[in-house]
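Here the structure is laid out as structure tokens; the discussion comes afterwards.
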Amino acid sequence: MKKIAVILAGGTGGRLWPESTDINPKQFRSFVSDLPMVLDTYNMICKYFDPADVYVITFKKYKKLLQSTIESLPKENILLEPFGRNTAPAIALAQAMINHKYDENDVVTIFPSDHIIENQDEYLAAVENSIQAAITTDGLVSVGIEPEFPNSQLGYIQYADNDIEKDELYDAGLRKAKVFAEKPDIDTARRFIESGDFVWNTGIFSAKMKTLRNEISEYLPMLSGLIKKIEAKIGAEDFNENRSYIYKQINSVSIDNGLLEKTKKLYIVKSHFGWSDLGTWDEYFNLCDKDKHNNVLKGQVIALKTSNSLIKSTEKLIAITDVDNLIVIESDNAIFISSRGKSENVKDLIHHIRAKELNKMIK
């Protein structure tokens, strides 16, 4: 049995604008670590997986950026989407492009490229448990984090304690999933935590190749049919042209909404390693060390009578005084200002900027 890793490196990370842009998105930038996020993820995964079986799928327009970011990544392990269609099509396309190399009982693990992991040993142990569980259950086994606080920006999975045999995998945290809830409101998230039987969805999951293919075919039949047409053209002279033509017909759908919320084969492995999806500037603030006034100050910043704030400069001096609970992010071509706790609303600003035909500000 071979272990395969697929890293999802598409998307633009719009909630971290103005640093994350269409041209240089979040996964190719460094935030908490000194290395770009996708390189950090790749290096960590290669500690457990054979690098020959580690693939990265990204948008066609990011191919050169990916190659320059992960110089050791073999060109045959770079998988390309013509353009973005969300995570379910990306995963289905990636599997189709590597199917010929593997047996149907080999196990593939899907990884986001842009998460922060604090304890790598516990992280890799959880991944190993998800792989072993995928073998024994024939299911889709998600790595879940036991939540520490209510968060309305994350997905939650409720699990049952008594639906599987109490063996070594049970002791390692394996449970049968009951309900998948995507980004609840804060009051609902608080109730989830109080109930004690929910985990955060990390977006990491393992499955046998045949299980993943069959579940996509059952719950996303239109996507499955179109991906099969692309797979049939692999090796043909007109493959790239054909892939783009067919991919335009595919609807955008996340793997969470399209499959994990619906499948009856979802399991979770409860885990405790430090984890963040670094989805917003508020989350960045939470991850960073603070000064004595509970500020995070990065770059050229002078802050007087300022508290509980994130001030981040790329080039220009930011001088700020008499503020509290503020976020200020300066980049090459824009400045973003928000109250702390509201930074996810940057997505509304981006829609407004596009509507005003100011796209150069978000590229």
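Please report the carbon-and-sulfur percent of the accessible area for the chain; probe 1.4 Å, protein heavy atoms only, DNA, RNA and ligands left out.
Details: 7930 of 16900 Å².
Carbon and sulfur atoms account for 47 percent of the accessible area of the chain.
Considered as an equivalent ellipsoid built on the Cα gyration tensor, the chain has semi-axes of 34, 26, 18 Å, the largest given first.
Rounded, prolate or oblate: which fits segment 156-276, taking a ≥ b ≥ c as square roots of the Cα gyration tensor eigenvalues, rounded meaning a/c under 1.5, else prolate when a/b beats b/c? Since a/c reaches 1.5 and a/b is larger than b/c, the shape of segment 156-276 is classed as prolate.
Within segment 267-311, which trypsin sites (Lys or Arg not before Pro) sit in a loop by DSSP and count at most 15 neighbouring Cβ atoms inside 10 Å? Answer in residue order: Lys290, Lys292.
Relative to the longest principal axis of the Cα atoms of the chain, the long axis of helix 186-195 makes an angle of roughly 60 degrees.
Relative contact order, whole percent, for segment 71-202 stands at 24, derived from Cα pairs under 8 Å and 6 or more residues apart. Helix 346-355 and the longest principal axis of the Cα set of the chain meet at an angle near 90°. Take the chain with all the other protein chains still there, run a 1.4 Å probe, and you get 47 Å² of accessible area per residue.
What do you get for the angle between helix 87-98 and the principal long axis of the chain? Use alpha-carbon atoms, 0 to 90 degrees, nearest ten. Helix 87-98 sits roughly 50 degrees off the main axis of the chain.
Packing order of peptides 16-25, 271-280, highest average first: 16-25, 271-280 (average count of other Cβ atoms within 10 Å over each peptide's residues).
Among DSSP beta bridges whose residues both lie in the chain, state the antiparallel percentage, nearest 5. All intermediate terms of the calculation are to be shown ahead of the outcome.
Details: 27 of 59 bridges.
That works out to approximately 45 percent antiparallel.
Once the C-beta distance of Ser152 and Glu237 is scaled by a Förster radius of 35 Å, the resulting FRET efficiency is 0.10 to the nearest 0.05. Annotation note: GluC sites (Glu not before Pro) in segment 118-196 located in DSSP loop regions with a Cβ neighbour count of at most 14 within 10 Å are Glu118, Glu148, Glu165.
Listed by chain and number, the aspartates and glutamates whose alpha-carbon sits under 17 Å from that of Lys248, ignoring those within fewer than 8 places in the same chain, are Glu81, Glu231, Asp238.
Here the 3J(HN,Hα) profile of segment 227-240, calculated from phi with Karplus coefficients 6.51, -1.76 and 1.60 at θ = phi - 60°, is 5, 4, 5, 5, 4, 5, 9, 4, x, 7, 4, 9, 4, 4 Hz, Gly and Pro shown as x. Result for the chain in a Gaussian network model with C-alpha springs under 10 Å: among Glu215, Glu104, Glu237, the largest mean-square fluctuation is at Glu237.
Close amide H contacts of Gly155 (hydrogens built in the peptide plane, cut-off under 5 Å, sequence separation of 5 or more or a different chain): Lys183, Asn201.
For segment 1-157, the relative contact order works out to 29 percent when only alpha carbon pairs closer than 8 Å and six or more residues apart are counted.
Can you tell me the order of 205-211, 62-68 when each peptide is scored by its average per-residue count of other Cβ atoms within 10 angstrom, highest first?
Going from most to least packed, we get 205-211, 62-68.
When only alpha carbons are used to place a centre, segment 152-171 and segment 303-357 end up 39 Å from one another. In this structure, the residue pairs whose Cα-Cα separation is over 28 Å, taken from Lys178/Lys210; Lys2/Lys229; Lys64/Lys262, are Lys64/Lys262. Between the beta carbons of Lys63 and Asp138, assuming R0 = 41 Å, the FRET efficiency works out to 0.70 to the nearest 0.05.
Taken along the Cα-to-beta-carbon direction at a fixed 7 Å, the label points for Arg190 and Asp289 span 3.3 nm. Coupling constants for segment 115-123 follow from the phi torsions by the Karplus curve (6.51 cos²θ - 1.76 cosθ + 1.60, θ = phi - 60°), and in residue order they are 10, 9, 10, 8, 10, 5, 5, 5, 4 Hz; glycine and proline get x. How high is the FRET efficiency between Ile337 and Met222 when r is their beta carbon distance and R₀ equals 45 Å, given to the nearest 0.05? Between Ile337 and Met222 the formula returns 0.60.
Label zone of Lys262 (point 7 Å out along Cα→Cβ, amide N under 19 Å): in segment 165-200 this covers 177-183. Over the chain, DSSP H runs of length four or greater, each weighted -39,500 (n - 2.57), average out per residue to a 222 nm ellipticity of -9000 deg cm²/dmol.
The values are calculated or read from the model by the stated rules, or taken from the named source; none is laboratory data. In this text, all values refer to a predicted model and were calculated from it rather than measured experimentally. Every residue, glycine as well, gets a Cβ built from its backbone with ideal geometry; the counts of neighbours run over all protein chains shown. What goes into the accessible areas is simple: the full protein's heavy atoms, side chains included, and nothing from ligands, DNA or RNA. Shrake-Rupley method; radii C 1.70, N 1.55, O 1.52, S 1.80 Å.
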